[in-house]
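Below: one structure, written as C-alpha cells.
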Amino acid sequence: MTNNYTKIILKPGKERSLQRFHPWVFSGAIEAVTKELTDGEIVEIFDSEKKYIATGHYQEEGSITVRIFTFEQAIIDDDFWKNKIQKAINLRKTIGLLDNNTTNTFRLVHGEGDLMPGLIIDYYDGNAVIQFHSYGMFLLKDSFVKVLRELLGDQLKSIYNKSESTLTKGESNENENGYLLNEKTSEIIVKEYDNQFIVDIQGGQKTGFFIDQRENRKLLEKYCAGKKVLNVFGYTGGFSVSALKGGASMVHSVDSSQKAIDLCNKNIALNFGTIENHASFATDAFDFLENMDSDYDVIVLDPPAFAKHLHLREKGLKGYRNINNKVIHKIKKGGILFTFSCSQAISNEDFRTMVFTAAAQAKRKVKILHQLSQGPDHPINIYHPESEYLKGLVLYID
Ligand code: SAH
C-alpha cells in the first residue's frame, strides 16, 4: 500500500508485543525512521524484516512513543474513524446502554479498550465530553466532531473538549477547555438506573462523573437495607444515593472537596427531597477515619489514584493499606466493605495482597464476596492488561 506515512522500523524482536496486539511502542524499540517525526503524526510500524505490523500516533513526550490504533494497514481518514466510533457505539448498544430508558450516561470511547488509545468520550444524556490523552488524537478533534454528528444525529446535544489537564503538549492555548459544538450550561442532569445525578462537566473532576462505578453502585444497594453506611471519598454522592435507594437507615458522605459535597447534597435532595438520614462532611478522609465511630455496618472506600505512575506503586500501596486497615479494624462485626483502587500501576494481585495485609494487621476474619472492576462500557482490551485499572473487592468482615 502506498501512502505518505512515516515508517518506523523496529529493532529485531521488538515486534513481539505488537504481534500480540499490545498497542504501545516504547522509544527503546525503535531502530530507524524514514523521515523526521513530527509530534502527533500518523506512523506505520515495520519489523526488522520490513514487514508491516501496525499503524499509530507518534508522541514526542513521555515514554510511550507510538500508540497503535490499527494492526491492519489502512488509509487513516474520516471514514476510518467513523468506522471505529461506529464499532464503539455498537458495543454500547450490545451491552444495552444506548437508547436505554433508565441509564443515559456511559463511556462511549474508552481509549485502548476500544483500540483508540489517547481518546476518551463520555456521554451525558447526549452531551459528549471528549478528553484527549495524546496529541495525535487531539489533532483529529474536528474529525471527531464531524463523525459524532453523523453517527449520533439528533441524539447529540453538545460536545465539550476537556483536555487541558490531560494534554499539556500543544501550542499556547491550543487545547483550552471549551465547547466544540453547541454551548450548554455546565450542569446536566443524568440518569443511572433509577437514580438522577447532577453532573458538572466543566467544573467537576475527570469528565464530570465517575461513570465506571455504575454497576458497583447498583450492587451496593443490595447490602444497605436498614444499615448505617459510610461513603468515604464520596465525590458527588454516587454511592450515597445508591445506599439510600437500597434502604439505608443512615448514610454519611465524606469528601475533601467542598464543591463535591455541595453537589452531593444537591443529588441527595434531587432523588429523595429533604431527608434526615443523610449527613455530609467536607473534610480530609484520613482525619475522618482516624476519629470515626465504630458502628458502621457498610463502608465504601473509593480513593483517588494513590499511584499515578509505576514509580509511586509502593507509596500508593502503603496509602491504600493504611486506610483499609483503619476501616477493617473499626467496621461492625458482620460488616460489609466495598474497597477500590483506580490506579493503573497497581495490579489485581497487588491490590488483593494489600487488602490481605490490612486485614491480617487488623486481626479480623475477612471473606471476599465479590471481585469488581469497571463497567462494560469501559472494556478491557485483553492484550492490554493495563486497561483493567479499576479493582474492587466486597468483603464480609467478622
Ligand atoms: N466514589 C466516587 C468517586 C470518588 S473519586 C463516585 O462514585 O462518584 C475520589 C474522591 O476523593 C474525589 O471526589 C476527591 O475529591 C476525593 N479526595 C481526594 N483526596 C481526599 C482526601 N484526602 N480526603 C477526602 N477526600 C479526598
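The values are calculated or read from the model by the stated rules, or taken from the named source; none is laboratory data. From a predicted model like this one, the values you see are computed outputs, not experimental measurements. In this analysis, Cβ positions are derived from the backbone assuming ideal geometry, glycine residues included, and neighbour counts consider all displayed protein chains. Quick note on the areas: whole protein, heavy atoms, side chains included, nothing else; ligands and nucleic acids left out. Shrake-Rupley method; radii C 1.70, N 1.55, O 1.52, S 1.80 Å.
What the table shows:
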quantity: Residues that are under 24 Å from D39 (Cβ atoms) and open to solvent by 60 Å² or more (accessible area, probe 1.4 Å), drawn from the range 175-214; calculated: E176
quantity: Matching strands (runs of 3 or more DSSP E) fully within the range 1-109 where at least 2 residues are of a type in the set (S, T, N, Q); calculated: 64-70
quantity: Residue under evaluation F288, criteria (1) of a type outside the set (K, R); (2) away from the ligand (no atom under 12 Å from the Cβ); (3) open to solvent by 30 Å² or more (accessible area, probe 1.4 Å), criterion not met; calculated: (2)
quantity: Test: residue in the range 26-39 that is outside the structural domain of E388 (by TED's automatic domain parsing), at positive phi and either of a type outside the set (S, T, Y) or open to solvent by less than 40 Å² (accessible area, probe 1.4 Å) (or both); calculated: no
quantity: Pair list, Cβ < 8 Å and 6+ apart or interchain, from the range 184-198 residues that are farther than 16 Å from D212 by Cα to residues that are of a type in the set (D, E, K, R) and part of a loop (DSSP other than H, G, I, E, B); calculated: K184/K157; I188/D125; I189/D125
quantity: Residue in the range 70-84 that is assigned by TED's automatic domain parsing to the domain that holds G178 and crowded, with 22+ Cβ neighbours inside 10 Å present; calculated: no
quantity: Residue identified as open to solvent by 10 Å² or more (accessible area, probe 1.4 Å) and away from the ligand (no atom under 15 Å from the Cβ) among S257, S294, S280; calculated: S294
quantity: Filter result (open to solvent by less than 50 Å² (accessible area, probe 1.4 Å) and touching a residue at least 40 places away in the same chain (Cβ under 8 Å)) within the range 267-277; calculated: N267, N271
quantity: Qualifying residue in the range 220-228 (condition: within 15 Å of the ligand (Cβ to nearest atom), within 20 Å of the chain's Cα centre (by Cα) and aliphatic (A, V, I, L, M)); calculated: yes
quantity: Filter pass, V129 being touching a residue at least 12 places away in the same chain (Cβ under 8 Å), over 26 Å from L18 (Cβ atoms), outside any loop (DSSP other than H, G, I, E, B) and within 19 Å of the chain's Cα centre (by Cα); calculated: yes
quantity: So I346, is it in a helix (DSSP H, G or I), away from the ligand (no atom under 13 Å from the Cβ) and under 25 Å from Y223 (Cβ atoms); calculated: no
quantity: Every residue from the range 323-337 that is within 16 Å of V394 (Cβ to Cβ) and not in a helix (DSSP H, G or I); calculated: I331, K332, G334, G335, I336, L337
quantity: Pairs with Cβ under 8 Å, 6+ apart, first in the range 300-325 and touching a residue at least 24 places away in the same chain (Cβ under 8 Å), second among the acidic types (D, E); calculated: R313/D350; L317/D350
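Let's see how each residue does on (1) open to solvent by less than 40 Å² (accessible area, probe 1.4 Å); (2) assigned by TED's automatic domain parsing to the domain that holds P117; (3) out of contact with any Gly (no Cβ under 6 Å at 6 or more places or on another chain):
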| site | (1), (2), (3) |
| --- | --- |
| F306 | no, no, no |
| H309 | no, no, yes |
| N324 | yes, no, yes |
| K332 | no, no, yes |
| A345 | yes, no, yes |
| A360 | no, no, yes |
| S373 | yes, no, yes |
| E386 | no, no, yes |
| Y389 | yes, no, yes |
